[in-house]
Amino acid sequence: MSIDIYEKYLSKRNLSENTISSYIYDIRSFKEYLWEEYDLDLNETKKSHILTYLVNLQKKGKSSSTISRTISSLKNFFNFLKNEKIISDNPASSIHSPKPIKKKPSILTENEINLLMTLPDKNTFKGSRDLAILELLYSSGIKVSELINIKISEINLNAGIIHIAGPKERLVPLSQYAKGAIENYMNNFRNKKIEDNLFLFINTSGKPISRQGIWKIIKSYEKKMNINKEISPQVLRNSFAVHLLSNGADLGTVQELMGLSSISAIQNYVNNVEFKSLEVFKKSFPRV
């Protein structure tokens, strides 16, 4: 009966139907658990009952966001019962939501990157362009939005750098593979395709390539890879960061290269790093 009264109370507040339905579902699920496990009604709930219920949800594989919502649902419900003088204390008042668990960023291994780079046919316009795109995304860690806006005037192949414009303006060094791929694309295919377009990467019609175009290119090679992994511009960017860190680069350098606003923005990559500790130690420490 208390749940029905509470549902009517919620319906008078500025909440969506989905939100109300989620709250009521959480409360009814807990009520069912409480009755089955302890033979108790909701107004007999103790903090320990809620804690064991949350552990039960965890064992069932419920996400931290689902558990947080359940805690919030129960806190608000018991607070309502307290205000209505149905219970004297809110048993959920001191229970805190779990910290959200950050997933490890998806990456490709170095061997998978090497395999990916063998797939484009560098003897065609499309293949040479695709290889230049893949090499640049991986070896610079730039975003796809930055890649599609690179102008020819912003590349200095002699110096091996590209100027990235925009909010996170910076100079990005080119790896020898990215430089070689861009040179092949520019000298043998790009300039023969169209000369008056300012942008580095163009489609077969000679127009600037779009985000969707980049996505389709990467997905076409994902199918050819035949691995149980999703490949995207973000996965290549993640791989760049993790591979750099794995080989001894410091967080500040990776932050600068990727145009990240703070060190904390890159901390999540550290969980994915397999540090080559001994190798880095021997190269870095003065007294070995």
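Throughout, read-outs are computed from the coordinates displayed, never taken from laboratory work. Keep in mind the model is a prediction, meaning the values are calculated, not measured. Cβ sites come from the backbone with ideal geometry, for glycine too, and all protein chains shown count toward neighbours.
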The chain: calculated mean residue ellipticity at 222 nm from DSSP helix runs of at least 4, using -39500 (n - 2.57)
-16500 deg cm²/dmol
Based only on other Cβ atoms within 10 Å, what is the fewest-to-most ordering of 37, 112?
37, 112
Set 179/219; 126/179; 12/59; 126/223; 122/219, cut-off 27 Å on Cα-Cα distance; pairs above it are 12/59
So residue 210 and residue 60, fully extended at 0.36 nm per residue minus their Cα-Cα distance, gain in nm 49.7 nm
7 Å from Cα along Cα→Cβ at both residue 191 and residue 76: what's the point-to-point distance in nm?
6.4
Any residue on another chain or 5+ positions along whose placed amide H is under 5 Å from the amide H of residue 202 is listed here as 209
Length gained if residue 43 through residue 153 is fully extended, taking 0.36 nm per residue and subtracting the Cα-Cα distance, is 32.5 nm
Full-stretch length increase - residue 168, residue 263 - with 0.36 nm per residue and alpha-carbon distance subtracted
32.7 nm
Taking a ≥ b ≥ c as the square roots of the Cα gyration tensor eigenvalues, with a/c under 1.5 meaning rounded and otherwise prolate when a/b beats b/c or oblate if not, segment 2-83 comes out oblate
The relative contact order of the chain, taking Cα pairs under 8 Å that sit 6 or more residues apart, comes to a percentage of 16
How would you rank 82-93, 124-135, highest first, on the average number of other Cβ atoms within 10 Å across their residues?
124-135, 82-93
Can you tally the net charge around residue 70? Count Lys and Arg as +1, Asp and Glu as -1, for every other residue whose Cβ sits under 9 Å from the Cβ of residue 70.
+1
Please turn the phi angles of segment 234-245 into ³J(HN,Hα) values with the Karplus equation 6.51 cos²θ - 1.76 cosθ + 1.60 (θ = phi - 60°), one per residue in order, whole Hz, x for glycine and proline.
5, 5, 5, 5, 4, 4, 4, 5, 5, 5, 5, 5
Quote the FRET efficiency, to the nearest 0.05, computed for residue 114 versus residue 234 with a Förster distance R0 of 25 Å and r equal to the Cβ-Cβ distance.
0.80
Under 5 Å, built H, 5+ apart or other chain: amide partners of residue 161
156, 174
If I take R0 = 45 Å and measure r between the Cβ atoms of residue 270 and residue 7 in this structure, what FRET efficiency does the formula 1/(1 + (r/R0)^6) give, to the nearest 0.05?
0.50
Label residue 175 and residue 220 with points 7 Å out from Cα along Cα→Cβ: what is the distance between them in nm?
2.2
Using a Gaussian network for the chain with springs between C-alpha atoms less than 10 Å apart, which of these wobbles most: 13, 190, 170?
13
Calculated from backbone phi, Karplus (6.51, -1.76, 1.60) coupling profile of segment 37-42 in Hz, x at Gly/Pro
8, 10, 6, 10, 8, 4
Are there any GluC sites (Glu not before Pro) in segment 161-242 that are in a DSSP loop and have at most 13 other Cβ atoms within 10 Å? List them by number.
169, 195, 230
Based on the Cβ-Cβ distance from residue 16 to residue 84, what FRET efficiency comes out when R0 is 22 Å, to the nearest 0.05?
0.40
Using the number of other C-beta atoms within 10 angstrom as an exposure proxy, rank 163, 49, 243 with the fewest first.
163, 49, 243
